[in-house]
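Accompanying notes for the structure given below.
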Amino acid sequence: MISVISLFDDLADGVYTLAFRLLRDRHLAEDAVQETFLAILRGRAPYRGDGPLAAWVYRIGYRQTIAIGRRRRDIATETEELARLDDRTSPPADAAALERELARRLDTAINGLNPTLRAAFVLRDIEELSTREVAEILELSESAVKMRLARARAELREQLEGYLSEAHV
Amino acid sequence: MKLTCDQLEHVLSELLDGESDEALEAAAGSHLATCDACRVVVENTGHLRRASREYGRIRLPDEARDRIRQALTSDE
């Protein structure tokens with residue numbers, strides 16, 4: 001039997017990252033996390049054993065995030081949300097100034113992506129799911145995911161030009 | 001197989017994600033051996049992926065973590 005608390009402990013940050021990156025609102029993202037794990041707990045989206053558990057959780061998280069986004073269009077401004085990003089996992093407080101600047105610019109650049117590109121990028125390059133898993137979560141073909149990833153990476157590379165040297169990463 | 005710069009950029013994600021075949025990897029290697037501009041693009045994309053893994057994740061605030069965990073426990 002699946003322990004929902006154990007899943008929550010393992011995947012809460014990942015689902016929160018996806019929800020926050022898409023909704024750009026801390027409270028809505030927290031709601032998405034809660035709705036995701038309550039849906040699992042209440043058996044509203046049973047696991048069929050047809051893929052990794054994590055991908056199944058992200059898929060429910062993505063659906064909850066989209067549903068919340070549709071219900072609530074009055075989200076906070078990007079500037080307000082960027083100011084709240086002190087809850088990030090990294091960089092640590094003692095990170096070099098260049099690394100903090102790279103992290104800040106990466107946030108801004110990710111937020112500037114079209115949401116359809118952003119979802120694919122967050123799941124593949126931040127959460128490190130496979131292309132196939134991302135395709136299942138977003139209900140896209142693998143070739144569509146690859147195309148979105150290529151566009152997202154090209155846009156981010158352009159936005160972060162000058163900050164992506166070996167010394168910064 | 002020979003690749004142009006545009007073709008290399010088109011297949012770059014597949015190459016970096018390890019989702020390309022040997023022939024494509026060999027062709028990309030040959031192109032990169034003689035093209036400084038594409039080498040920079042490949043290196044920067046690699047750096048972008050590492051930075052995304054390192055800095056892209058956002059931690060659920062502790063107050064929310066405790067509240068949601070409590071809701072799950074009481075509902076369980």
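The values are calculated or read from the model by the stated rules, or taken from the named source; none is laboratory data. Because the structure is predicted, anything quoted here is derived from the model rather than measured. Please note: Cβ atoms are built from the backbone with ideal geometry, for glycine as well, and neighbour counts cover all protein chains shown. Areas reflect the complete protein model, heavy atoms only, side chains present, ligands, DNA and RNA absent. Shrake-Rupley method; radii C 1.70, N 1.55, O 1.52, S 1.80 Å.
With chain B as the region, which helices (runs of 4 or more DSSP H) entirely inside it contain at least 3 residues that are at pLDDT 90 or above? Don't jump to the end; show me each part of the working.
Working: elements: B:5-16, B:22-34, B:36-55, B:62-75.
Helices (runs of 4 or more DSSP H) meeting the threshold: B:22-34, B:36-55, B:62-75.
Only one of B:Leu24, B:Leu48, B:Leu32, B:Leu15 is facing another protein chain (nearest Cβ under 7 Å), at negative phi and buried (at least 16 other Cβ atoms within 10 Å of the Cβ). Can you tell me which?
Values: B:Leu24 fails: facing another protein chain (nearest Cβ under 7 Å); B:Leu32 fails: facing another protein chain (nearest Cβ under 7 Å); B:Leu15 fails: facing another protein chain (nearest Cβ under 7 Å).
Criteria check complete, one pass: B:Leu48.
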Would you pick out the residues in segment A:120-130 that are crowded, with 20+ Cβ neighbours inside 10 Å and either within 11 Å of another protein chain (Cβ to nearest Cβ) or in a helix (DSSP H, G or I) (or both)?
-> A:Ala120, A:Phe121, A:Val122, A:Leu123, A:Arg124, A:Asp125, A:Ile126, A:Glu127
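With the requirement that a residue be open to solvent by 10 Å² or more (accessible area, probe 1.4 Å) and either farther than 16 Å from A:Ala32 by Cα or facing chain A (nearest Cβ under 7 Å) (or both), what does segment B:60-69 give you?
Quick first cut of segment B:60-69, residues open to solvent by 10 Å² or more (accessible area, probe 1.4 Å) only: B:62-63, B:65-67, B:69.
Of everything in segment B:60-69, those that are open to solvent by 10 Å² or more (accessible area, probe 1.4 Å) and either farther than 16 Å from A:Ala32 by Cα or facing chain A (nearest Cβ under 7 Å) (or both) turn out to be B:Arg65, B:Arg69.
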Does segment A:55-73 contain any residue that is modelled with pLDDT under 80 and either charged (D, E, K, R) or surrounded by fewer than 18 Cβ atoms within 10 Å (Cβ to Cβ) (or both)?
-> yes
Residue that is farthest from A:Gly51 (Cα to Cα) [pool: residues in segment A:131-151 that are open to solvent by less than 60 Å² (accessible area, probe 1.4 Å) and at the interface with another protein chain (Cβ under 9 Å from one of its Cβ atoms)] = A:Ala150
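Every residue in segment A:7-36 that is open to solvent by less than 40 Å² (accessible area, probe 1.4 Å) and farther than 27 Å from A:Asn114 by Cα, please.
Within segment A:7-36, A:Leu7, A:Phe8 meet the criteria.
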Taking the stated definitions as given, is A:Arg24 of a type outside the set (A, V, I, L, M, F, W, C), touching a helix residue (DSSP H, G or I) at 6+ places or on another chain (Cβ under 6 Å) and modelled with pLDDT under 95?
-> yes
